[in-house]
Amino acid sequence: MNRPLSRRDWLRISSAAAAALATARTSPLWSQDRPAAAAVDTSKLLVRSENPFNAEPTLADLVAEEVTPTDRFFIRSHGPTPKVDVKSYSLTVEGLVNKPLTLSLDEVKAKFAAHTLTASLTCAGNRRVEMARIKPISGVQWDAGAIGNATWTGAALAQILEAAEIQPGAKHVWFEGLDPIPEKDGSVAPFGGSIPLERALATTPPQGAGAKPAPGAIVAYAMNDAPLTADHGYPLRTVVPGFIGARSVKWLAKIVVSDRSSPNHYVAEAYKVVTEGTADEVARAEPIYEMPLNSVICLPAAGAKVTAGRVQVAGYALPSGKPRATVRRVELSTDGGKTWQDAKLRGEAVPGCWRLWEAEPMLAAGKHTLVVRATDSTGAVQPREFPWNLKGYLYSAWHRCEVQAG
Ligand code: MTE
């Protein structure tokens, strides 16, 4: 079957999974509410929606540290946070494999080498609130804080797939979570994602002297040297550096190797760039994978009053998700984009990883429009404008910030 699966097809295919979920929800494995253990200190986050829970840090907090502390890391969940009982939990690997696997958390840790890598996770809807100024967009009204940069530890997805022995014809790897997301028709279905097999098997250059090449995707059990919190996907999640956050599936319970991308709603229908949203347009659009090159001014805050003279300006820049792309240059303008000066880049140039930057321009008394743009190692320059789309994805136009110096 070559035509893309419709939502109805997908619901039919997933009805067995939904039925299993409905049964499972009555077991102690499930909790419909955000479990108490999930409660990070939300006083450090701006809550965008309580149910499902979506929150982001202030932009000033976001760039306070190169590695984002977990309690200042954005949370983006489409449904209730499942409370997973690790004793009955398992991860299955199936589909186009010779040896299907069922692994407990301990087995994932024991059977596969641990890889630690630093990677940024960014929601495709980051900066939606700016795109929505062109024309309103529904959905979580994210400012520019739906991004974080953490260290992740886990097994290389490639090694898990190797143990399962991939069959010829495999092209995509699907991920399925344990969160029961309510559907419009009253049923529940898990969140899912998928990535091309090529990315699952890829490696990126070593991070640091003496390090081995980093895997292109991992099945992570730790974030910032601690077990994943419930909000961030305990006990296991995928982390796919450079790809939109939606492909880093939390509460991971199933991996399926396939000849096509996942029929899950969040791959087959959502997370696509469309303008009308007709069934035909959605069916024809490709799922989004790579993040675009981006940069943002986090300090001073938009509309801030600053003292005239040298002003501290800081922010982040994200390379595109193209293999091996890194941030090479960040430029700041204080006159709305007519003239530019180089900002100072902090940290190392690592694919899939943001770079914090800072500048100290001289601002005379009066109103100024600060603008930032980034260039990455592929030579790509962040665009001045970015076209509106129905879901508000991938906004990456030059970031502007009006300040009043006095
Ligand atoms: N995985 C599951 N199971 N359910 C979800 O709702 N949200 C996705 C992804 N993985 C999601 C998920 C989206 S859209 C993003 S941006 C990231 O998780 C956010 O990860 P975080 O909450 O750890 O920051």
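Among the residues of the stretch 254-273, those identified as of a type in the set (Val, Ile, Thr) and open to solvent by 10 Å² or more (accessible area, probe 1.4 Å) are Val256, Val273. Just one of the numbered conditions (1) modelled with pLDDT of 95 or more; (2) out of contact with any Phe, Trp or Tyr (no Cβ under 7 Å at 6 or more places or on another chain); (3) away from the ligand (no atom under 13 Å from the Cβ) is not true of Thr68: (3).
Just the residues that are over 12 Å from the mean Cα position of the chain (by Cα), open to solvent by less than 20 Å² (accessible area, probe 1.4 Å) and either within 10 Å of the ligand (Cβ to nearest atom) or farther than 16 Å from Ala114 by Cα (or both), please, taken from the stretch 224-236. Quick ask: steps written out before the conclusion?
Step one: filter the stretch 224-236 for residues over 12 Å from the mean Cα position of the chain (by Cα), giving 224-231, 233-236.
From what's left, open to solvent by less than 20 Å² (accessible area, probe 1.4 Å): 228, 230-231, 233, 235-236.
Leu228, Ala230, Asp231, Gly233 - these are the residues of the stretch 224-236 that are over 12 Å from the mean Cα position of the chain (by Cα), open to solvent by less than 20 Å² (accessible area, probe 1.4 Å) and either within 10 Å of the ligand (Cβ to nearest atom) or farther than 16 Å from Ala114 by Cα (or both).
Trp251 meets the conditions (1) open to solvent by 10 Å² or more (accessible area, probe 1.4 Å); (2) in contact with a Phe, Trp or Tyr (Cβ under 8 Å, 6 or more places away or on another chain); (3) within 21 Å of Lys111 (Cα to Cα) in every case but one. The failed one is (1).
The residue that is farthest from the ligand (Cβ to nearest atom), counting only those in the stretch 256-267 that are assigned to a strand (DSSP E or B) and out of contact with any helix residue (DSSP H, G or I) (no Cβ under 7 Å at 6 or more places or on another chain), is Ser258.
Residues in the stretch 88-129 that are surrounded by 19 or more Cβ atoms within 10 Å (Cβ to Cβ), more than 15 Å from the ligand (Cβ to nearest atom) and in a helix (DSSP H, G or I): Val108 alone. Evaluated against (1) part of a strand (DSSP E or B); (2) within 30 Å of Leu197 (Cβ to Cβ); (3) open to solvent by 10 Å² or more (accessible area, probe 1.4 Å); (4) not polar (S, T, N, Q), Glu331 falls short on exactly one condition, (2). Residues in the stretch 204-223: is at least one open to solvent by less than 10 Å² (accessible area, probe 1.4 Å), within 9 Å of the ligand (Cβ to nearest atom) and not basic (Lys, Arg)? Yes - at least one qualifying residue is present in the stretch 204-223.
Does the stretch 161-190 hold any residues that are in a loop (DSSP other than H, G, I, E, B) and either closer than 23 Å to Asn98 by Cα or free of Cβ contacts under 8 Å to residues at least 40 places away in the same chain (or both), and which are they? If the condition is that a residue be in a loop (DSSP other than H, G, I, E, B) and either closer than 23 Å to Asn98 by Cα or free of Cβ contacts under 8 Å to residues at least 40 places away in the same chain (or both), then Glu165, Gln167, Pro168, Gly169, Ala170, Lys171, Lys184, Gly186 are the ones that fit.
Within the stretch 62-75, work out how many residues are open to solvent by 50 Å² or more (accessible area, probe 1.4 Å) and of a type outside the set (Val, Ile, Thr). Number of matching residues: 3.
The values are calculated or read from the model by the stated rules, or taken from the named source; none is laboratory data. In this text the structure is predicted, and so the values were computed from the model without any measurement. With ideal geometry, Cβ positions are generated from the backbone for all residues, glycine too; neighbour counts draw on all protein chains shown. Areas reflect the complete protein model, heavy atoms only, side chains present, ligands, DNA and RNA absent. Shrake-Rupley method; radii C 1.70, N 1.55, O 1.52, S 1.80 Å.
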